[in-house]
Amino acid sequence: MVGAQLRDTAQELAAVLWREHTVYRERSGGMVIRGEHVRRWISLAPAGGRDEILVRAGRILDGGTTAPARSEAVVPLSAGTGVLAATCRRLLADAAADAARPAPDREAAGRPRGSRKSRKSARWNGRGRHTGFGSWAILVCVAGVIALFAYSSAMHG
């Protein structure tokens, strides 16, 4: 029942979103809507809830392969095509913004973003990491060994 309802929903949604589209079933049982002309895809799959679907959106790369989904949302299946289309448009906009973001410079990728001084001062400005329990336990043990050695030397020496 869910498969047929998901297929019908995908067909309706595809017609609302794009004039040119391809709708097909995934191996996992979900439905995929591909818009080759906009180089985007949408996937609809059953979610954890009984009346919920997982909507994912991503880009279509050169050669027709799909990039992994960059954004997803869970939508009630009973929400209707309008709500589902609005969610898909938001997810597609997120995917488009992700594609428009410039790739990092190869030279800059190997360097840390800030200078060493700024990273060090940020670490010790009162908001940095606190000493963990394991570190305190080791310090107490070392102090105990030193105290035991001092006591032993004082008694036998």
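Things to note:
- Within region 49-76, considering residues that are at pLDDT below 80 and under 21 Å from GLN5 (Cβ atoms), the one least open to solvent (accessible area, probe 1.4 Å): GLY49
- Scanning region 31-44 for residues that are touching a residue at least 24 places away in the same chain (Cβ under 8 Å) and surrounded by 19 or more Cβ atoms within 10 Å (Cβ to Cβ) gives MET31, ARG34, ARG40, TRP41, ILE42, SER43, LEU44.
- Conditions (1) of a type in the set (Val, Ile, Thr); (2) under 16 Å from ALA79 (Cα atoms); (3) touching a Lys or Arg at 6+ places or on another chain (Cβ under 6 Å): number failed by THR9: (3)
- Residue pairs whose Cβ atoms lie under 9 Å apart, sitting 6 or more positions apart in sequence or on different chains, and linking a residue in region 131-156 that is assigned to a helix (DSSP H, G or I) to a partner that is β-branched (Val, Ile, Thr), are LEU139/THR131.
The values are calculated or read from the model by the stated rules, or taken from the named source; none is laboratory data. Just so you know, these numbers come straight off a predicted model, no measurement behind them. In this analysis, Cβ positions are derived from the backbone assuming ideal geometry, glycine residues included, and neighbour counts consider all displayed protein chains. The protein model used for the area step is the full one, side chains on, heavy atoms only, and it has no ligands, DNA or RNA in it. Shrake-Rupley method; radii C 1.70, N 1.55, O 1.52, S 1.80 Å.
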